[in-house]
Protein chains: 2
Amino acid sequence: MEHDELGELLREAGLKATPKRRMVAEYLLDSGYARAVEDIWCHLRKRLATLGLPTVYRIAEELTEIGLLARIDVGDRVVRYAACQAHGTGHHHHIVCTGCGSVGVIPKCGFHRQVDALERTTGFRISGHRLHVEGTCPECQRREKS
Amino acid sequence: MEHDELGELLREAGLKATPKRRMVAEYLLDSGYARAVEDIWCHLRKRLATLGLPTVYRIAEELTEIGLLARIDVGDRVVRYAACQAHGTGHHHHIVCTGCGSVGVIPKCGFHRQVDALERTTGFRISGHRLHVEGTCPECQRREKS
DNA sequence: CTGCCTGCAAATAATTTGCAAAGTA
DNA sequence: TACTTTGCAAATTATTTGCAGGCAG
């Protein structure tokens, strides 16, 4: 038997490697898109009819907690999840296609360089930040031209 | 009579300068805090019992549309609104105190310098971004020490 | 006076929770 | 076996909508 990477990741995090957790993780890892919980559920239900919506909510949160997924907030008040391709590589942000929801990685974040100056000018002690970038992915650009 | 700045702003935007719109705007302009719609409503209702919650929702959105308020998204799924102190001064972001909700301005945003490089490396055409910074405001820092 | 504003009541819609049954290690 | 995970049904909660009456310009 080969290295069951996903299973190990889950168990290391103290989660049991159940089929449903695997399904959700694998679906998003393969897809490369940010998906609403309901979308994930609709898709996976075709394979496994007994999958419950609350379960998908719970799993998505757990997988986000352990860094496997990223919460993507497009601004409608629907939380989406995407495979965090930069899982384990440290601080980074995501760029999301407004057309199709595909997600890219922004590996370097220049913001930390501004933090000192900002703390001085605002008086705030800065504890964290979140950058949301949107645009059009290469594929959707191609589609536009036609 | 003096310059009714707020009234003018509203009318210029094509909105009637009604007392309720003024109340919401003035409350947030004075407060300096990010407030959930329900908080705004609870506060203003003491003065004006007939104020409806849906009205506050509508007004907050309108005032955001015209740039007077800013939508603040703390990550719980409750939309908050704050006076946009940098109203009219162009692109900027906000820093929000996790303790009390007070809001500061981040006048300069270094992100545009990264856009070109990022478009090249990701292939995305970038159309916009949103930076959310959190921290502890000076007052809450003082309070912590005691 | 005319059309924009607003209150109220009710509808949505996403997400959460309780609990008993089922599955993993 | 012991503890985690999950399904289902129902509850929550923020936000939205429809519509009749009210108010600013």
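One quarter of the surface of the convex hull around the alpha-carbon atoms of the range A:3-145 equals 11.4 nm², the direction-averaged projected area. Starting from the label point of A:Gly67 at 7 Å along Cα→Cβ, the same points in the other copies fall at 4.2 nm, in ascending order. Backbone phi angles across the range B:101-109, fed through the Karplus curve with coefficients 6.51, -1.76 and 1.60 (θ = phi - 60°), yield HN-Hα couplings of x, 5, 10, x, 9, 10, x, 10, 10 Hz in residue order; Gly and Pro are listed as x. Can you give the relative contact order of chain A as a percent, counting alpha carbon pairs under 8 Å and 6+ residues apart? Computed over chain A, the figure is 19 percent.
For A:His93, the amide hydrogen comes within under 5 Å of the amide hydrogens of A:Ile106, counting only partners 5 or more places away or on other chains and with H modelled in the peptide plane.
In the assembly of identical copies, A:Ala13 has its label point, taken 7 Å from Cα in the direction of the beta carbon, separated from the corresponding points by 4.1 nm (ascending, one decimal). Computed extension gain for B:Lys46 through B:Val74, at 0.36 nm per residue and net of the alpha carbon distance, reaches 7.4 nm. Site-free segments of chain B were taken between trypsin sites (Lys or Arg not before Pro) in DSSP loops having at most 16 other Cβ atoms within 10 Å, sites themselves excluded; the longest one is B:109-146. With contributions of -39500 (n - 2.57) from each DSSP H run of at least four residues, the per-residue ellipticity at 222 nm computed over chain A stands at -12500 deg cm²/dmol.
Distance cut-off 21 Å, Cα to Cα: go down the list B:Lys16/B:Lys46; A:Lys20/A:Lys46; B:Lys20/B:Lys46 and report the pairs above it. In this structure, B:Lys16/B:Lys46 exceed 21 Å between Cα atoms. The Stokes-Einstein estimate for the protein assembly as shown, based on a Kirkwood radius over Cα pairs and taken at 37 °C with 0.692 mPa s viscosity, is a diffusion coefficient of 151 µm²/s. Between A:Ile66 and A:Val115, what is the FRET efficiency for a Förster distance of 22 Å, r being their Cβ-Cβ separation, to the nearest 0.05? Efficiency at R0 = 22 Å is approximately 0.25. Karplus-based coupling profile of the range A:131-136, in residue order and whole Hz: 10, 10, 10, 10, x, 10, with θ = phi - 60° in 6.51 cos²θ - 1.76 cosθ + 1.60 and x standing for Gly or Pro. A:Ser146 label point (Cα plus 7 Å toward Cβ) to equivalent points in the other copies: 6.6 nm, shortest first.
Values quoted throughout were computed directly from the atomic coordinates according to the rules given, and no laboratory measurement underlies them. All of these numbers come straight from a predicted model, not from anything done at the bench. Note that we place each Cβ from the backbone using ideal geometry, even for glycine, and neighbour counts take in every protein chain shown.
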